[in-house]
1. So what's the range 103-238 giving for Cα Rg divided by 2.2 N^0.38 Å, two decimals?
2. Assuming R0 = 45 Å, can you tell me the calculated FRET efficiency for the pair Asp214 and Glu133, based on Cβ-Cβ distance, to the nearest 0.05?
3. What distance in nm separates the two pseudo spin-label positions at Asp87 and Leu237, each 7 Å out from Cα along the beta-carbon direction?
4. What share of Cα pairs, in percent, lie more than 33 angstrom apart in the chain?
5. From Cα pairs below 8 angstrom and at least 6 apart in sequence, can you work out the relative contact order of the chain, rounded to a whole percent?
6. So how exposed is His268, as accessible area in Å² (1.4 Å probe, rounded to 10)?
7. How do Asp194, Asp29, Asp279 rank by accessible surface area computed with a 1.4 Å probe, from largest to smallest?
8. Select from the range 161-230 those GluC sites (Glu not before Pro) which occupy a DSSP coil region and have at most 14 other Cβ atoms within 10 Å, ordered by residue number.
Amino acid sequence: MNKRRPKQILLVTGMSGAGKSTVLRTLEDLGWEVVDNLPLLLLNRLLDTDPPEGSDGDDRPLALGIGTRTRGFDADSIVRRIKKLRDERGYDMGTLFLDCAGAELERRYSETRRRHPLALDRPAGDGIVRERELLQPLRRWANRVIDTTSLSSNELAQQIRSTFSGRGLGETVVSVMSFGFARGVPTSADLVLDMRFLRNPHWVESLRPGTGKDADVADYVAGDRAYPEAIARIEELLLLLLPRYQAEGKSYVTIAFGCTGGRHRSVHVAERVAARLRDAGFSPTVTHRDLQTAPQDSLEGPPVGK
């Protein structure tokens, strides 16, 4: 069986303290396979290794973190190896170099009280100068350089997300659910929206056995005079928030719609809103926590005016 291989390989390197860990964590959150400080002699073996069981031929993009602490580090040798993998094996290989001004690196080392890996018994500035010399061949070779001198960790992560999140990578996983307040609010919900302001089909004898998935129940709920404007505003709010959550790197968002019993109003609205989100390009999964529970007057409270 032919092995699938990474569609893209990105070598992440640069000055110690310039943000390599932030970049690798962000790429991993985006769905990349990430390997840090792999000895260079093992690179070919990694690329020839079968993907993990159950991955169906893992062809995710691959990020390799390499620095002066990597065993067998030699910048010129790394450049030659990249060229060989690209020219002889056809890999789409890029190199991201993270640079930073020496004074800022010294400040970061001073604040964190960490020792520079190339200056364990000397001032950090000595190690920074030496490391910059060792990395020069990689910096010249790199097809992308990010200077992190004036970037916070969050700003760097945002830049990586906007640059390297391809289709299907870095997309927020959206879940839409319905529930009944009578059985408790779901603890996993990020946003909870209360649908108990809508008229309740439970108190219509012919509708009580049905659910929000049934057309007659849905029509009854949608017939509430508050429904059109309220649902439109809810959808507008979610379409505003979801891209913002994604931009902030939030991996999962659960939107929960509640009514009293969790069988009628919340079910219909969850289905309606999920369909609107699909039309907008999202791929929400929909669950109905309390759909199978039996209707019960004591849970619904007294009927109110229609």
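1. Numbers: Rg = 28.4 Å, N = 136, 2.2 N^0.38 = 14.2 Å.
Ratio of Rg to 2.2 N^0.38 Å for the range 103-238: 2.00.
2. Details: r = 73 Å, r/R0 = 1.62.
Once rounded, the FRET efficiency stands at 0.05.
3. That separation, rounded to one decimal, is 6.0 nm.
4. 47
5. Details: 500 pairs, mean separation 60.8, N = 306.
In percent, rounded to a whole number, it is 20.
6. Solvent-accessible area, nearest 10 Å²: 30 Å².
7. Greatest to least solvent exposure: Asp279, Asp29, Asp194.
8. On the way: sites: Glu171, Glu205, Glu229; in loops: Glu171, Glu205.
Here the sparse-neighbourhood loop sites are Glu205.
The values are calculated or read from the model by the stated rules, or taken from the named source; none is laboratory data. This one's a predicted model, so the numbers in the text were calculated from it and none came from an experiment. Cβ atoms come from the backbone with ideal geometry, glycine included; neighbour counts cover every protein chain shown. Areas reflect the complete protein model, heavy atoms only, side chains present, ligands, DNA and RNA absent. Shrake-Rupley method; radii C 1.70, N 1.55, O 1.52, S 1.80 Å.
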